[in-house]
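The values are calculated or read from the model by the stated rules, or taken from the named source; none is laboratory data. Here the structure is a predicted model, which is why all the values come from computation and not from measurement. Every residue, glycine as well, gets a Cβ built from its backbone with ideal geometry; the counts of neighbours run over all protein chains shown.
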Amino acid sequence: MNKRYLTEMYRPVFAVICALALTACAPGGAGDGEAVDAADEMAAGDESAAVQSTVQSELLGDLANLRDKYLGLAEAMPESDYGWRPGEGVRSVSEVYMHVAAANIGLVARVMGTDPPAGVEGWYGQDAESITDKPTVVAALAASFDYIGEALEATADDAWGQGVELFGATSVRGAMTFTLAHCHEHLGQSIAYARVNGVVPPWSAGG
């Protein structure tokens, strides 16, 4: 069978393949249109998420997560373990919780220039860590996170970049981020305390 015969025999097949390839590559091809539609939908979804996400919403979301974990862990820890500490000179379980509660109230009051809510005077300041009874510690933690939440919700969109002093020059956004970062730092510490004492964090799926 010679080469010329083979060429003539498969010429129609080559023509069909070329036509299909050109159709797929054409700007108006059906496949191309479906890809464009999918890309447009993804872009619209990203844009929608960006519009809904704000500094305020992101900080409030982080705060809600922290509040749930702190209160869950504080409730799960037996009061008999509230005085446990890993070593001399290191904060005990209750002292860590009250340190966090005091910082939440004190830092936000300083940054926002607002007065702490009535009835929490003993839950922040130099003597806060002397509080060791479980019901009061849990109540102080809850009140401190609620206080941060109220401050975040009251912050206008154009106020996040306003300059403030908190261990140096920063912004309202930076100060509130610092406050939540401080909570995360001691949450890790509190999780370690709980684990050492045989308490599994309530949200831990792995036990």
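Before moving on, here are some points about what is shown:
- Test: residue in region 161-168 that is in the same structural domain as MET77 (by TED's automatic domain parsing), without any contact (Cβ under 8 Å) to a residue 12 or more places away in the chain and closer than 20 Å to HIS186 by Cβ: yes
- Boolean, ALA21 is modelled with pLDDT under 55 and part of a helix (DSSP H, G or I): yes
- All positions within region 131-160 that are of a type in the set (Gly, Ala, Ser), assigned to a helix (DSSP H, G or I) and without any contact (Cβ under 8 Å) to a residue 24 or more places away in the chain: ALA139, ALA159
- Within region 152-176, the residues that satisfy the criterion of being surrounded by fewer than 13 Cβ atoms within 10 Å (Cβ to Cβ) and of a type in the set (A, V, I, L, M) are ALA154, ALA156, ALA169.
This table checks each residue for (1) touching a residue at least 40 places away in the same chain (Cβ under 8 Å); (2) on the phi > 0 side of the Ramachandran plot.
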position: LEU66; (1), (2): yes, no
position: TYR70; (1), (2): yes, no
position: GLU79; (1), (2): yes, no
position: GLY106; (1), (2): no, no
position: GLY119; (1), (2): no, yes
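- Residue within region 177-184 that is surrounded by fewer than 15 Cβ atoms within 10 Å (Cβ to Cβ), part of a helix (DSSP H, G or I) and modelled with pLDDT under 95 present: no
- Applying the criterion of being in contact with a helix residue (DSSP H, G or I) (Cβ under 8 Å, 6 or more places away or on another chain) and at pLDDT below 90 to the residues of region 105-118, the residue that is farthest from GLY161 (Cα to Cα) is PRO117.
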